[in-house]
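To start, the structure itself, in structure tokens.
The values are calculated or read from the model by the stated rules, or taken from the named source; none is laboratory data. Owing to the predicted nature of the structure, the values given are computational and were not obtained by experimental measurement. Here Cβ is always computed from backbone atoms with ideal geometry, including for glycine, and neighbour counts include all displayed protein chains. Note: accessible area is taken over every heavy atom of the protein model, side chains too, but ligands, DNA and RNA are not part of it. Shrake-Rupley method; radii C 1.70, N 1.55, O 1.52, S 1.80 Å.
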Amino acid sequence: MIGILIFPDFQLLDAAGPISAFEIAARCIGKSPAIRVLAAKPGLVRSSSGVEMMARDFKTANAITTLLVAGGSGVAEAARCEITRAFVQRLARRDVRVASVCSGAFVLAEAGLLDGRRATTHWGRTREFVACFPKVKFEPDQIFTRDGNVWTSAGISAGIDLALAMVTEDHGEEIAQATARQLVLYHRRSGGQSQFSSLLELKAPNGRFGALLSWARENLDAPLTVEDLADRAGMSARHFARAFAAETGTTPSKAIERLRLEVARERVQSSREAIERVAEVTGFRDPERMRRAFIRAYGQPPQALRRTARAG
């Protein structure tokens, strides 16, 4: 049975996203969903959006095998709640798989479950989390982490990625893929994938070059030289390069390399494609060239990132 722990002012999607993933996975294997929403004070619990969710008492959690703790603006008070901390600790001692979504990591950390473990949370909470919990091996730029029987995920929608990873562990890749398709997800992100998008990190991702960069991301196997991009933008190469840098805060060549790195990393971590094939389809061409780019950007070669993704 899956348990979802909520509290006043929890983030609704932190709970509803994983609930939907587990529900659909159960139906894919021909079973009825076994999911229970729990709270220190049972009854209707108001989310930060004002929408309420019905929760049961912690005493009804004897059959729980996986517990997910939601995050949200009310997490600080939840983390200080002795009843909540004791409940989480009790389940962890029973070898229940315990996880957090977004800032729900603060509850696990206050309960002592993250000391000495790898963990992550929403990028916006990084500074606060590191200051409060120096014993945690914090990994700020991860979709989700797993360290033993304790899992943590980044902000909000990353809880769905975490739930799908759990579905994979419990029921296999085929059921996880079927679940992702039912959720109409473009693909299932691996835990080691960055919380950020290269396009979103640009100074003006939706400016006049937004459509051009989106096109480039879908055509990374093309040369994509400055001249190619300028021609598609209907500008001279010199004028295009100046205008692009002024608007996005980076050069065209650096923007294209970031896109290639992002897509290559996704494929390396979430597939079994040969590294040579990944280098070819993402425009690096030469695996050695891609390896050097990975080391510059991530401090590790592609093979190391793939091993880490498969291990966790």
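Table for the structure above
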item	result
For the chain: relative contact order, % (alpha-carbon pairs under 8 angstrom, 6 or more apart)	13 percent
Hits among aspartates and glutamates - C-alpha to C-alpha of K137 under 20 Å, sequence gap 8 or more where chains match	E110, D115, E128, D147
Per-peptide average of other Cβ atoms within 10 Å, ordering 127-136, 207-216 highest first	207-216, 127-136
Acute angle (nearest 10 degrees) that the helix 237-248 long axis makes with the longest principal axis of the chain, alpha-carbon atoms	20 degrees
Computed [θ] at 222 nm, deg cm²/dmol, the chain (DSSP H ≥ 4; -39,500 (n - 2.57); rounded to nearest 500)	-14500 deg cm²/dmol
Share, in percent, of DSSP beta bridges within the chain that are antiparallel, nearest 5	30 percent
Built amide H within the under 5 Å cut-off of G155, gap 5+	H122, W123
Residue-normalised accessible area of the chain, given per residue in Å² at a 1.4 Å probe	48 Å²
Test item: Cα-centred dipole of the chain, Lys/Arg +1 and Asp/Glu -1 on Cβ, debye	480 debye
Cβ-defined net charge surrounding S47, 15 Å radius [Lys, Arg +1; Asp, Glu -1]	-2
Which label in [x] 68, 36, 35; [y] 66, 41, 32; [z] 76, 47, 38 gives the computed Cα extents along the principal axes in Å	[x]
Region 1-118 - share of DSSP beta bridges that are antiparallel (%, nearest 5)	20 percent
Accessible area of the chain belonging to carbon and sulfur atoms, whole % at 1.4 Å probe	50 percent
Normalised contact order of region 236-307, rounded percent, pairs of Cα under 8 Å and 6 or more residues apart	23 percent
Region 152-164 - phi-based ³J(HN,Hα) in whole Hz, Karplus 6.51/-1.76/1.60, Gly and Pro as x	9, 10, 6, x, 6, 5, 5, x, 5, 4, 4, 4, 5
